[in-house]
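Novice: Sharing a structure with you now.
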Amino acid sequence: MLYTYPDYYSEFHCIADACEDTCCAGWQIVVDDRSLRRYHCEDGPYKKKLHASVNWRQKVFRQDKEARCAFLCEDNLCDMYRNLGADSLCRTCRLYPRHIEEFEGIREISLSISCPEAAHLLIERREPVTFHSVEKEGTEEYEDYDPFLYSMLADARECLFEILQNRNLPMENRILLSLGVAYDMENRVAGGKLFECEAVFEKYRKQTWFFAAGMKADKYRKDMKKRYLFSREMFGNLRELELLRKDWEYQLNEAEILLFAYGADGYGKIQEAFYQWEQEQRKSGSEDAGETETKETEGRKQEKDWDWNIFSEQLMVYFIFTYFCGAVYDGEIFVNVQMAAASVSVIWDLLAVRWLKNEKTLDAEDVKEVVYRYSRELEHSDKNKAHFREKLKKQSTLFYCL
């Protein structure tokens, strides 16, 4: 069995009660059958508490009125862990925030950015992410699994990483090129021309396509009416999702009021001002790169931390690594890159709202919170992910394609 994971994977450590937003509240924790059998057989002094805290019919841990897990103590530590040890934890609690995608003979493990600490690792990272693989004993076979399609998807993903991590290009250009690769590849696969995909990858590596992407990206960036309509579509999509945290609805309301209350013109003014601020922070951070930390002000540190090109690159690579090869099961290649691009666009808008609220400033904590809150609402519900994908396939997201 081949296990693949990002290079920052080993840097993750759960900070438990020091976490700003515990993962043991706000959503149902699903319990695997093996753990349920173990809990059922528990016969020690903790038996009564354990059995009363499990919803055996729904196979989840019970929650209190504030949606906190029944085992979560006031100090945000786990009561089951305290009494029965780490081995007592169910599979969900042991693995989170690790996310596993399974293919024949392959396990791909990412760190879900719905976890604040995992989000922190990603947004603080400045170097391009690489991926490591290790071989372990064991294998599994899957029915209706096309190894040739998976191999081509893996090659496509490498091409996408190469494009997304090309820091000689603005990030908007890289996103356009990535969507073009996925769009053309899906058309080849749907037409039974799988082995023509290699030519697609080579096409999008050429300088002529870099130039074309740049022209389209610049045109789209200046077209505030189109950006306004697309942004409203995306927030409309988010409105239709299952609400996992009650205060998320408040955040959506606030964002829509600030962004859309004055139409495309008002939206455009916000975007231009935020874009200019972002450019100034990036320039300031570049100029200060040689200064020693002892000479920097706290505000200066915050400015140096901000670089949207790098930050959005890490987000795109995260989403592509996590979901792109899943197309081997349904053939839906393009929508996986659409979801990544749409997520980056929504996060940009949410950061613009936070920037306005903060009197036109942002720091790393703001960015981290926006990222993990968005991820929690989208990625922690299969129903939400499926609905969001379906909406993307039907709406006006083709503006990205070459």
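Novice: Checking F61 against (1) over 25 Å from S112 (Cβ atoms); (2) surrounded by 11 or more Cβ atoms within 10 Å (Cβ to Cβ); (3) free of Cβ contacts under 8 Å to residues at least 40 places away in the same chain: exactly one of these is not met. Which one?
Specialist: (1)
Novice: Looking only at segment 358-378, decide whether some residue is at pLDDT 95 or above, closer than 26 Å to C23 by Cα and aromatic (F, W, Y).
Specialist: yes
Novice: All but one of (1) within 17 Å of G180 (Cα to Cα); (2) over 14 Å from the mean Cα position of the chain (by Cα); (3) modelled with pLDDT of 95 or more hold for W355; state the number of the condition that does not hold.
Specialist: It is condition (1) that W355 fails.
Novice: Do any helices (runs of 4 or more DSSP H) lying entirely in segment 111-225 carry at least 3 residues that are buried (at least 21 other Cβ atoms within 10 Å of the Cβ) and of a type outside the set (S, T, N, Q), and which ones are they?
Specialist: It comes to 116-124, 147-164, 171-190.
Novice: Next question. Is it the case that some residue within segment 305-327 is over 21 Å from R126 (Cα atoms), of a type in the set (D, E), within 25 Å of the chain's Cα centre (by Cα) and at pLDDT 95 or above?
Specialist: Checked against the condition, which is being over 21 Å from R126 (Cα atoms), of a type in the set (D, E), within 25 Å of the chain's Cα centre (by Cα) and at pLDDT 95 or above, segment 305-327 yields no hits at all.
Novice: Would it be correct to say that Y9 is out of contact with any Phe, Trp or Tyr (no Cβ under 8 Å at 6 or more places or on another chain), of a type in the set (S, T, Y), at pLDDT 90 or above and farther than 21 Å from R62 by Cβ?
Specialist: yes
Novice: Check segment 71-82 and report whether any residue there is out of contact with any helix residue (DSSP H, G or I) (no Cβ under 9 Å at 6 or more places or on another chain) and on the phi > 0 side of the Ramachandran plot.
Specialist: Scanning segment 71-82 turns up no residue that is out of contact with any helix residue (DSSP H, G or I) (no Cβ under 9 Å at 6 or more places or on another chain) and on the phi > 0 side of the Ramachandran plot.
Novice: Further question on the same structure: Out of the residues in segment 366-393 that are farther than 17 Å from Q338 by Cα and in contact with a Lys or Arg (Cβ under 9 Å, 6 or more places away or on another chain), which is surrounded by the fewest Cβ atoms within 10 Å (Cβ to Cβ)?
Specialist: In this case the residue turns out to be E369.
Novice: When residues of segment 386-396 are filtered for being touching a residue at least 24 places away in the same chain (Cβ under 8 Å), under 15 Å from F235 (Cα atoms) and part of a helix (DSSP H, G or I), how many remain?
Specialist: Of the residues in that region, 5 qualify.
A quick yes/no check of all residues on (1) buried (at least 17 other Cβ atoms within 10 Å of the Cβ); (2) in contact (Cβ under 8 Å) with a residue 12 or more places away in the chain; (3) more than 19 Å from H387 (Cβ to Cβ):
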| position | (1), (2), (3) |
| --- | --- |
| M234 | yes, yes, no |
| R239 | no, yes, no |
| D247 | no, no, yes |
| Q251 | yes, yes, no |
| E254 | no, yes, yes |
| G263 | no, yes, yes |
| G266 | no, no, yes |
| Q271 | yes, yes, yes |
| E278 | yes, yes, yes |
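The values are calculated or read from the model by the stated rules, or taken from the named source; none is laboratory data. From a predicted model like this one, the values you see are computed outputs, not experimental measurements. Neighbour counts are summed over all protein chains in view; Cβ atoms, including those assigned to glycine, are modelled from backbone coordinates with ideal geometry.
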